[in-house]
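What follows is one structure encoded as structure tokens, with my remarks underneath.
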Amino acid sequence: MRTLLLSTILIAHLASAQCDNGRYSSFIFSDYQVTSNIVYGNNQTYLGVSEDLTMDIYQPVGDIASDRALIMMAHGGSFLTGSKTGPDVVGFCINMAKMGYVVASINYRLGFPITNMQAGATAAVMRGTQDMKAAIRYFRKNVAENGNQYGIDPNQIYAGGVSAGGFIALHLAYLDQESELPSFLDMNATGVQGGLEGQSGNPGYSSDVKAIVNICGAIGDTAWIQPGDEPACHFHGTNDNT
């Protein structure tokens, strides 16, 4: 039900995409394929260790379209655990691929020092957001320079996530001014440099998205959400006590 509702909401923003024959609203493909461990960037962890950033790309089997909507997904795990192959995202990716989307499940940099929870956790959100932006730029770079290997429409890119991944989607969309950065966040700290866009890879391309999907995430300050910003689809559950 959640997948069908989400697809109905996203389809409203797909004005220039091919939505006929049930694409984006029904399971029109019976199978999917996954291209695993695509490296979309590299950056330093909070410990100063260089880390390759990878993602898995889900596509419907037998699809001949070359201008498909793309959904970027980020897993949960409190910025300490989780992965792109976690059960919180895989089922979603499979279902959306069967509806005709291309879906990318990303790994992002995890971990933060617990000696200063506020600053450490905020920096972890920033690192994850920078990584998601690099992954989005990867696809636009692929369209421009590598023949659009994944058959996406660069004007129809959406971002979503579960729990910590929801934090990433929300901050990607709405933390869009340097002046909004919390004063206690050191943007010169290891792995956080590069401003809002970061240094995780694929510079020179836009990281903008059409809309976001927030599943059990939260944002640092609702004042960052302004009229005209990207629309959002939010899911929360009454059994979630966090």
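The values are calculated or read from the model by the stated rules, or taken from the named source; none is laboratory data. The structure presented is a predicted model; accordingly, all values stated were derived computationally and were not measured. So basically every Cβ, Gly included, is an ideal-geometry build from the backbone, and we count neighbours across all protein chains shown. When the accessible area is computed, the model is the full protein with side chains, heavy atoms only, and any ligands, DNA or RNA have been set aside. Shrake-Rupley method; radii C 1.70, N 1.55, O 1.52, S 1.80 Å.
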Identify the residues of segment 179-216 with backbone N under 17 Å of a label point that sits 7 angstrom from the Cα of Thr222 along the Cα-to-Cβ direction, or state none. 214-216
How much of the calculated P(r) for segment 117-242 lies past 26 Å, in percent of all Cα pairs? 22
Quick one: what are the phi-derived ³J(HN,Hα) couplings along segment 234-241, Karplus 6.51/-1.76/1.60 with θ = phi - 60°, whole Hz, x for glycine and proline? 10, 10, 9, x, 5, 8, 8, 9
Inter-part gap, Cα centre of segment 198-213 to Cα centre of segment 31-96, in whole angstrom, is 15
Using only helices, what value at 222 nm comes out for the chain when you add -39,500 (n - 2.57) per DSSP H run of length 4 or more and divide by the total residues, to the nearest 500 deg cm²/dmol? -8500 deg cm²/dmol
Judged on accessible area alone, 1.4 Å probe, highest first, Val61, Val90, Val213 line up as Val61, Val90, Val213
So how many Å³ per residue does the convex hull of the Cα atoms of segment 7-153 work out to? 115
Nearest 5 percent is fine: what portion of the DSSP beta bridges confined to the chain is antiparallel? 40
Cβ-based charge dipole, the chain, positive-most Cα from Ile225, Ile106, Gly194: Ile106
The chain: most fluctuating residue of Thr222, Thr45, Thr54 per GNM, C-alpha cutoff 10 Å: Thr222
Excluding ligands and nucleic acids, what accessible area in Å² is computed for Met96 using a 1.4 Å probe, to the nearest 10? 0
Which of the helices in the chain, when you take each full DSSP H run, stretch at least 24 Å along the axis at their Cα atoms and have an average Kyte-Doolittle score of -0.5 or higher? 117-145
Log10 I(q)/I(0) at q = 0.15, 0.17, 0.18, 0.28 Å⁻¹ for segment 45-108, from Debye over equal alpha-carbon scatterers, is -0.51, -0.62, -0.67, -1.18
Heads up, I need the accessible area for Arg23: 1.4 angstrom probe, whole protein in place, Å², nearest 10. 20
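Find, among the chymotrypsin sites (Phe, Trp or Tyr not before Pro) in segment 164-242, those assigned to loop by DSSP (not H, G, I, E, B) with at most 14 other beta-carbon atoms within 10 angstrom. If you can, show how the numbers build up before the last one.
Numbers: sites: Phe167, Tyr174, Phe184, Tyr205, Trp224, Phe235; in loops: Phe184, Tyr205.
Answer by residue number: Phe184.
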Can you give the relative contact order of segment 96-238 as a percent, counting alpha carbon pairs under 8 Å and 6+ residues apart? 28
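Just subtract the alpha-carbon distance of Ala65 and Val34 from 0.36 nm times their residue separation and send over the number in nm, one decimal.
9.5 nm
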Quick one: what do you get for segment 200-242 if you divide its Cα Rg by 2.2 N^0.38 Å? 1.51
